[in-house]
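Visitor: Handing you this structure, nothing more for now.
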Amino acid sequence: MRSKLHVVICSTRPGRVGPTVAHWFHEVAIEHDQFDVALVDLAEFNLPLFDEPKHPRLQQYQHEHTKRWAASVNAADAFVFVTPEYNHGPPPSLLNVLNYVYLEWNYKPAGFVSYGGMSGGMRAVQVEKLTLTTLKVVPIIESVVVSMVSQYIEGGAFKPNDIQSDAAIAMLNELARWAECLKPMRNHSAK
Ligand SMILES: Cc1cc2nc3c(=O)[nH]c(=O)nc-3n(C[C@H](O)[C@H](O)[C@H](O)COP(=O)(O)O)c2cc1C
């Protein structure tokens with residue numbers, strides 16, 4: 001069975017550019033044709049600040065919003081986080097949804113499409129990796145970096161340069177390898 005890739009739009013604010021960048025990557029991933037690809041928008045999940053009384057490891061979720069989010073994370077075999085950088089760190093919207101579940105994240109690889117000003121969101125990604133490894137997500141080294149993101153948006157669409165296009169393919173190739181390698185880890189841990 002083909003692996004399922006979730007392309008996650010991490011910013012949630014009105015007027016965000018996240019969906020524009022994510023739609024481009026979503027199309028690239030579909031054309032790449034090694035995953036079943038779904039676009040996941042954190043704004044649509046609209047999760048409040050983490051409000052579960054029990055540790056997520058127990059999976060005793062009290063709220064419908066958590067059950068819905070857990071089902072989404074559980075359905076994926078791999079993730080690409082399309083992430084901005086806010087104040088040299090991750091957007092709180094992403095850190096919040098990471099905390100909501102635990103086992104559903106375990107033993108799945110993740111890549112990043114990061115964007116921002118000069119930094120291209122790289123400082124945010126470095127911090128995101130720390131939390132993700134605690135959730136037993138495997139962050140991969142191949143990534144897409146978009147510095148000065150507004151310069152790549154024309155007529156409401158993201159227009160990548162050659163470096164970004166090549167980087168997207170390199171990341172998807174590596175992600176597909178990791179997605180297959182990690183599946184037995186998940187089967188083992190379920191026993
Ligand atoms: C609260 C806030 C903090 C920001 N901090 C940074 C930053 O540290 N580094 C950076 O490159 N861009 C920063 N920016 C600019 C963002 O890169 C730019 O607004 C981008 O469009 C944000 O992604 P979004 O539109 O998907 O929310 C910041 C923007 C906001 C709203």
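The values are calculated or read from the model by the stated rules, or taken from the named source; none is laboratory data. Small disclaimer: the values here were computed from a predicted structure and weren't measured. Here Cβ is always computed from backbone atoms with ideal geometry, including for glycine, and neighbour counts include all displayed protein chains.
Visitor: Only one of these is within 16 Å of the ligand (Cβ to nearest atom), surrounded by 15 or more Cβ atoms within 10 Å (Cβ to Cβ), β-branched (Val, Ile, Thr) and within 16 Å of residue 143 (Cα to Cα): 113, 17, 28. Name it.
Guide: Exactly one residue qualifies, and that residue is 113.
Visitor: Let me ask something additional. Note down all Cβ pairs under 6 Å where the first residue falls in region 36-48 and is under 14 Å from residue 69 (Cα atoms), the second is at pLDDT below 95, and they're at least six residues apart or on different chains.
Guide: Within 6 Å, no pair qualifies.
Visitor: Being buried (at least 17 other Cβ atoms within 10 Å of the Cβ) and either within 16 Å of the ligand (Cβ to nearest atom) or free of Cβ contacts under 8 Å to residues at least 12 places away in the same chain (or both) is the requirement here; does residue 22 meet it?
Guide: yes
Visitor: In this structure, does residue 136 turn out to be more than 29 Å from residue 170 (Cα to Cα), of a type in the set (Lys, Arg) and out of contact with any Asp or Glu (no Cβ under 7 Å at 6 or more places or on another chain)?
Guide: When the stated conditions are applied, residue 136 does not pass them.
Visitor: Among the residues that make up region 13-34, is at least one of them over 12 Å from the mean Cα position of the chain (by Cα), at pLDDT 95 or above, under 25 Å from residue 186 (Cα atoms) and not in a helix (DSSP H, G or I)?
Guide: Within region 13-34, one or more residues are over 12 Å from the mean Cα position of the chain (by Cα), at pLDDT 95 or above, under 25 Å from residue 186 (Cα atoms) and not in a helix (DSSP H, G or I).
Visitor: A further question on this structure: I'm trying to understand the selection: among the residues of region 74-120, which are charged (D, E, K, R) and assigned to a helix (DSSP H, G or I)?
Guide: Across region 74-120, the qualifying residue is only 104.
Visitor: Which one of the conditions (1) within 16 Å of the ligand (Cβ to nearest atom); (2) assigned to a helix (DSSP H, G or I); (3) touching a Phe, Trp or Tyr at 6+ places or on another chain (Cβ under 6 Å) does residue 57 fail to meet, given that it meets all the rest?
Guide: Here residue 57 clears every test but (1).
Visitor: Go through region 126-154 and give me each residue that's under 24 Å from residue 57 (Cα atoms), among the hydrophobic types (A, V, I, L, M, F, W, C) and either within 11 Å of the ligand (Cβ to nearest atom) or part of a helix (DSSP H, G or I) (or both).
Guide: Those that are under 24 Å from residue 57 (Cα atoms), among the hydrophobic types (A, V, I, L, M, F, W, C) and either within 11 Å of the ligand (Cβ to nearest atom) or part of a helix (DSSP H, G or I) (or both): 127, 130, 132.
Visitor: Going through region 31-51 one residue at a time, which ones are within 16 Å of the ligand (Cβ to nearest atom) and under 23 Å from residue 161 (Cα atoms)?
Guide: 39
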